[in-house]
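Visitor: The structure is given below, and queries will be raised subsequently.
The values are calculated or read from the model by the stated rules, or taken from the named source; none is laboratory data. All values reported here derive from a predicted model rather than from experimental measurement. A quick note on method: Cβ atoms are made from the backbone with ideal geometry, for glycine too, and the neighbour counts reach across all protein chains shown. Calculation scope for accessible area: heavy atoms of the full protein, side chains included, ligands and nucleic acids excluded. Shrake-Rupley method; radii C 1.70, N 1.55, O 1.52, S 1.80 Å.
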Amino acid sequence: MFSIGALMAAPVVAKPAQAEVMHGYPQDMALDESFLPKTIKRGGARQFLTNDQELKTLQAAFDRLIPGDEHGPSASEAGCLDFLDAQLSGVFGDGATVYRDGPAQPHEEQMLQKAQFIATPRERYRAGLQALEAYAQKNDNASFADLQPNRQDEILSGMENGSLDLGKNVNTKAFFELMLMNVREGYFADPLYGGNKDMAGWKMIGFPGARYDYRAYTDRTGQELNLVPVSLIPKD
């Protein structure tokens, strides 16, 4: 009968460690540069947001979603437009990671609790910004960017709660949610991606950024560390 106790009591003869030679692995282990994120240059030539009116409409909307105050800059001042332009010009704008062939069942959207879109994010922004400007022109006889802040807030609130309709070509509530998600991303993402200028978003919330090692602070939960934020942007 097998005895665990006997096994534990038996002397163990250690075999001398021997290194094994690996064969057949790639010699060049360097990461392909195409997989590395590229630093976005703020204020450069835009790739998607090239229409002046659409840019003004988006800037006005973003700056009402995150206005500047004593705590930090507005969304546009923090580079959120540069961030979004870069995102819409790449795979996000293409909808490369989104399933776009339509729902498998008629009740698919009810199951997911959110809308599905055949259109790419780039197409959704173009249609949404044009519809938002058209709504302001029709109902206020002025561009959305020229409206008073309280009226801009009223329109955006209507988009958010579903009481305002920008037309049949736009899912108004979902377009508001897309703008809100992207402006938050631009404000708090690493500055490498174009937004969060001077790491203002991180400084506002006390986030120390892309630091290599936090072990020295693991016992300081809930304390203000006052660490200078660190970005992924390579230093010269």
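Visitor: For the pair A45 and L178, how long in nm is the line joining their label points, each one 7 Å along Cα→Cβ?
Guide: Between A45 and L178, the simple spin-label model gives 2.6 nm.
Visitor: For an R0 of 35 angstrom, estimate the FRET efficiency from the Cβ-Cβ distance between K138 and S89 and round to the nearest 0.05.
Guide: Here the calculated transfer efficiency is 0.70.
Visitor: Can you give the FRET efficiency to the nearest 0.05 for E77 and K168, using r as the Cβ-Cβ distance and R₀ = 41 Å?
Guide: 0.70
Visitor: Computing the accessible area with a 1.4 Å probe over protein heavy atoms, can you report the carbon and sulfur percentage for the range 64-209?
Guide: Reported share for carbon and sulfur atoms: 49 percent.
Visitor: If you wrap a convex hull around the alpha carbons of the range 53-205, what volume per residue comes out, as a whole number of Å³?
Guide: 121
Visitor: Now a separate question. Of K41/K197; K56/K235; K38/K197; K38/K235; K38/K173, which sit over 22 Å apart, Cα to Cα?
Guide: Over 22 Å apart, Cα to Cα: K56/K235; K38/K173.
Visitor: Quick check: pseudo-label points 7 Å beyond the Cα along Cα→Cβ at E70 and K38, how many nm apart are they?
Guide: 4.2
Visitor: Roughly how many Å² is the accessible area per residue of the range 132-187, as a whole number, for a 1.4 Å probe?
Guide: 53
Visitor: Continuing with this model, one more query. Can you pull the one-decimal nm distance between simple spin-label points at T218 and D52, each 7 Å off the Cα toward Cβ?
Guide: For T218 paired with D52, the spin-label model returns 5.7 nm.
Visitor: Based on the mean of other beta carbon atoms within 10 Å per residue, what is the order of 42-55, 199-212, most packed first?
Guide: So the order, starting with the most tightly packed, is 199-212, 42-55.
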